[in-house]
Amino acid sequence: MSTDAWIVLIVVIATMAVLVIDRVPSVVAMGGGLLVLLVTNATSDDAVLSGLSSPATTTIAALYVVAAAIATTGALSGLLDKLLFGKRGGIAQLGATTGAISALVPNTPLVALAAPRVIRWSRRNGVSASKLLMPLSFASVLGGVITLLGTSTNLVVSDSLRISGSEALGVFEITPVGLPVAVVGLIVMVLVAPRLLRERVAPGESDSSARQFEGQMIVEAGGPLAGSTVADGGLRDLDGIYLAALERDERTHPVAAGTVLEPGDLLFFVGDIGRLVDLQEIVGLASAEQPHLLDAEGPGVRMFEAVVAGRSDLAGRTLKEAGFRARYGAAVLAVHRSSDGMRGKLGAIPLHPGDVLVVLASPDFNERWRDHGDFSLVASLDEPPPPRRNRAWVAAVAMVGMIVLSAGEFVSLFTASVVAAALVVVGGALSLNEARHAIDLNVVLTIAASISLGAAVTESGLALEIADQMVRIADPFGAIGLLAATIITTQILTELLSNSGAAALMVPIAMAAATASGADPRAFAIGVLVGASCSFLTPVGYQTNLMVYGLGGYKFTDFTRVGFPITIASSIVATAMLTWLY
């Protein structure tokens, strides 16, 4: 091997070792490796900068912005709930729907959008979220190999092909291989997950000491809850919150499972503030303060706790009498009172000193009112604000337009995603600051660095040297053995590095090995794509696994136990389909 190839090999091995030790962020480890290559002149400046200039990097950043707009506005939330859970929910329904959606929607933003909804559904139905969050991640990974749109890994492989001088992947080029992998993988997951997945306690599931707030919702005319019973509407056995009473024709009535809801009914809910916020997501319910909420909605709004002070002008007055919305520039969502319960519309309840108001306001509410005599305490809440529904159409148009334009190959995915990201900002679905925070810079820069490392492996000649060794070892097993070895090696690297890092490193090696053995290089590149995407053995190999790791309260070994049979199935199916098709 050349001196440059040796240097690149040492740097790659050292980078992998640092990543496995997990003492520094992945972007720092990969960036450090690139710095060494730059200083030693082992690769060109163009190779080092190729990741930052790659369309894949910008595309992934834009997709984060579009997904954030969908989540913030609640666009498609009602449809998403129906598709994910149906009437009964379960792994099969969740898996099939998530897999289908992630074929057209990038799986990392999809899980970021769907995971909170899974948690909320679990809370409302008394099911542990740990039973569904890992299947959600696995299903999104499997669906991600159906089309080019499904995952950032596909974009990395496509861009690596482009850099090597080949044509980039078409949107549906991987479908003949990815669809069978996804179907078989989902079937295996549905069969093994209920048996192998142990119930875990997710953070917040066992918190029984939370303060009880009272919030009020109105049954919307023409909505799915109008005319249904409390039980049929899913409002009877809510976890962490309960329906205490309803007001109809200015009279308060008790509620039972068979109580029929009518349009305009005012429902009194009592429970943890997080669960009350969840109510904003139920289609057919609207906040009793909806007119004020619509006024308060806008980019950047947040939720705060404000405690009424003993000498406050608010004490003894109702929100309406005090002109709370105009005076403080905020809308009250819920009230907590430790001494006794409350009944009646929030705007008509006289406030007491010590009442805790949960308000929706602009980010500077804390600074403007924390030292004011009306409040003894003002603190920001970690809970997300209610969805910004008056801009939901902007996010929906951007998302659907991006999918249609890119899938129909009218424009590139890069162009479609950038235009969609710009649209949600210009249309007011996200502020510029929110769009900036929506981008996971660590993920984007890690992908950029991995693409650059892959370019260095190719340019230095290291890819060709490793490929020659792979061909010699796999020679007794023929092209099928070499292809299987490529997929399995990529899967192992994915668990050690990351999906994008493994893909960027393996594509040039796999293509060189295919050329040396007389096989189709494109088939081997797609094999790398499947191997890098189908990461189920650890929570760190794939971004969606890492996202649900903490949310579900999982242990590291939970992924290995459930993911092992899915990993074996996906590698066998991928090898068989690629051998048959190519």
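The values are calculated or read from the model by the stated rules, or taken from the named source; none is laboratory data. Since the model is a prediction, treat every value here as computed from it, not as a measurement. Heads up, the Cβs are rebuilt from the backbone with ideal geometry, glycines too, and the neighbour counts pull from every protein chain shown. When the accessible area is computed, the model is the full protein with side chains, heavy atoms only, and any ligands, DNA or RNA have been set aside. Shrake-Rupley method; radii C 1.70, N 1.55, O 1.52, S 1.80 Å.
Applied to the stretch 393-406, the Karplus parametrisation 6.51 cos²θ - 1.76 cosθ + 1.60 on θ = phi - 60° returns per-residue 3J(HN,Hα) values of 5, 5, 5, 5, 4, 5, 5, 5, x, 4, 5, 5, 5, 7 Hz, with x for Gly and Pro.
Estimated from the Cβ-Cβ distance and a Förster radius of 30 angstrom, the FRET efficiency linking S228 and E250 is about 0.85. log10 I(q)/I(0), Debye, Cα-only the stretch 29-102, no solvent, q = 0.19, 0.27, 0.28 Å⁻¹? Normalising to I(0) and taking log10 leaves -0.84, -1.15, -1.17.
Per-residue ellipticity at 222 nm computed for the chain from its helices equals -18000 deg cm²/dmol, with DSSP H segments shorter than 4 residues left out and the rest contributing -39,500 (n - 2.57).
Each peptide among 55-65, 132-142, 422-432, 480-490 gets the average number of other Cβ atoms lying within 10 Å of its residues, and from highest to lowest they stand as 132-142, 55-65, 480-490, 422-432.
Listed peptides 437-448, 356-367 appear in the order 437-448, 356-367 once ranked by packing, highest mean of other Cβ atoms within 10 Å at the front.
The packing ranking, built from the mean of other Cβ atoms within 10 Å per residue, places the peptides 9-19, 106-116 in the order 106-116, 9-19, highest first.
A Förster radius of 45 Å, combined with the Cβ-Cβ distance separating R327 from D440, puts the computed FRET efficiency at roughly 0.70. Normalising by residue count, the stretch 144-280 has a Cα convex hull of 211 Å³ per residue. For the pair R472 and V183 in one chain, pulling the backbone fully straight at 0.36 nm per residue adds 100.7 nm over the alpha carbon distance. Computed over the alpha-carbon atoms, the chain gives an Rg to Rh ratio of 1.04, Rh here being the Kirkwood radius from the mean inverse distance. Per residue, the solvent-accessible area of the stretch 393-493 (1.4 Å probe, heavy atoms of protein chains only, all protein chains present) comes to 46 Å². If the segment from L432 to A17 were pulled out straight at 0.36 nm per residue, it would be longer than the present Cα-Cα gap by 145.6 nm. Annotation: amide H of A315 has no partner in the under-5 Å range at sequence separation 5 or more or interchain, hydrogens built in the peptide plane. Distance between the pseudo-spin-label points of L196 and S380 (7 Å out from Cα toward the beta carbon): 4.1 nm. Using a 1.4 Å probe on the protein chains only, how many percent of the accessible area of the chain belongs to carbon and sulfur? Using a 1.4 Å probe with all protein chains present, the chain comes out at 61 percent carbon and sulfur.
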